[in-house]
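Notes for the one structure printed next.
The values are calculated or read from the model by the stated rules, or taken from the named source; none is laboratory data. On a predicted model such as this, the values are computed, not experimentally measured, just so you know. Methodologically, a virtual Cβ is constructed for each residue, glycine included, from the backbone with ideal geometry; neighbour enumeration extends over all protein chains shown. Surface accessibility is based on the protein's heavy atoms, side chains included, excluding ligands, DNA and RNA. Shrake-Rupley method; radii C 1.70, N 1.55, O 1.52, S 1.80 Å.
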Amino acid sequence: MNPVMRDIKTHIETERLVLKMPEPGDGTAVNAAIQRSVNELKPWLGFVQETPTVEDTESNAREAHAKFLLRQNLRYLVFLKEDMTFVGSTGFHRMDWDVPKFELGYWMDTAHSGKGYMREAVEALTTYALHDLGGARVEIRCESENKRSRAIPESLGFELEGILRNDDLSVDGKSLTDTCIYAKVREKGE
């Protein structure tokens, strides 16, 4: 089946959160979170090596919207349900619809970290992928030194399948890094 023909939720609610597909106009709130969090994000994420402008982030949100519709990348922006404050971004960044399997990524606005919001969002997307989308596998890859990122799959019962040593360059391009691969799989017969 052509992935464009798949029905994908554009809006997912949890107890405290609303996860929604990026839309035109989301760039301002996302950029404000990046600005607040740049020091915490910079060691791990390439898109903050040069702090993006509001226009850069708005352009990125519009591109993410288009990729969502084409089923090439399913990014969800994470908002507090009570007042629709933006708190982070997550989603399926690499997908193989034939298996099907999904790689999940995420980042948080530092002002809202430590409250379990991203754990809640990742848990919701993992359940959605394995049950509603018929996924066989959800994978999270992160740098071995990124303890906060690693804590999420570890707390959700993902299995550490391996650590790829000297797998990648650090985002600043100055050193080799190791990549942890965590996965949660749908058991045969589920």
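Here's a check for you: in region 121-140, which residue that is outside any strand (DSSP E or B) and of a type in the set (Asp, Glu) is surrounded by the fewest Cβ atoms within 10 Å (Cβ to Cβ)?
Asp132
Would you mind stating whether Glu103 is acidic (Asp, Glu) and either in a helix (DSSP H, G or I) or open to solvent by less than 30 Å² (accessible area, probe 1.4 Å) (or both)?
yes
State whether one or more residues within region 21-30 are in a loop (DSSP other than H, G, I, E, B), out of contact with any Ser or Thr (no Cβ under 7 Å at 6 or more places or on another chain), open to solvent by 20 Å² or more (accessible area, probe 1.4 Å) and under 27 Å from Ile181 (Cβ atoms).
no
Of all the residues that make up region 4-20, how many are in a loop (DSSP other than H, G, I, E, B) and either of a type in the set (Ser, Thr, Tyr) or more than 18 Å from Gln72 (Cβ to Cβ) (or both)?
Of the residues in region 4-20, 4 are in a loop (DSSP other than H, G, I, E, B) and either of a type in the set (Ser, Thr, Tyr) or more than 18 Å from Gln72 (Cβ to Cβ) (or both).
Go through (1) touching a strand residue (DSSP E or B) at 6+ places or on another chain (Cβ under 8 Å); (2) open to solvent by 60 Å² or more (accessible area, probe 1.4 Å); (3) modelled with pLDDT under 95 for Ser170 and report which single condition fails.
The failed condition is (2).
Criterion first (more than 26 Å from Ile163 (Cβ to Cβ) and of a type in the set (A, V, I, L, M)) does Ala124 satisfy it?
So Ala124 passes the test.
With respect to the numbered conditions (1) under 17 Å from Asp109 (Cβ atoms); (2) at pLDDT 95 or above; (3) part of a helix (DSSP H, G or I); (4) among the aromatic types (Phe, Trp, Tyr), which one is the sole condition not fulfilled by Phe79?
(3)
Only residues in region 45-66 that are in a helix (DSSP H, G or I) count as the first member; pair them with residues that are among the hydrophobic types (A, V, I, L, M, F, W, C) and buried (at least 17 other Cβ atoms within 10 Å of the Cβ), Cβ under 7 angstrom, at least 6 apart or cross-chain, and list the lot.
From residues that are in a helix (DSSP H, G or I), the pairs are Gly46/Val171; Val48/Ile34; Val48/Leu41; Thr57/Val30; Thr57/Ile34; Ala61/Val30; His65/Met21.
Being open to solvent by 80 Å² or more (accessible area, probe 1.4 Å) and over 23 Å from Lys174 (Cα atoms) is the filter here, so list the residues in region 31-50 that pass it.
Scanning region 31-50 gives Gln35, Arg36.
Among the residues of region 164-189, write down those that are out of contact with any helix residue (DSSP H, G or I) (no Cβ under 7 Å at 6 or more places or on another chain), touching a residue at least 24 places away in the same chain (Cβ under 8 Å) and under 27 Å from Pro100 (Cβ atoms).
Asp168, Thr179, Ile181, Ala183, Val185 - these are the residues of region 164-189 that are out of contact with any helix residue (DSSP H, G or I) (no Cβ under 7 Å at 6 or more places or on another chain), touching a residue at least 24 places away in the same chain (Cβ under 8 Å) and under 27 Å from Pro100 (Cβ atoms).
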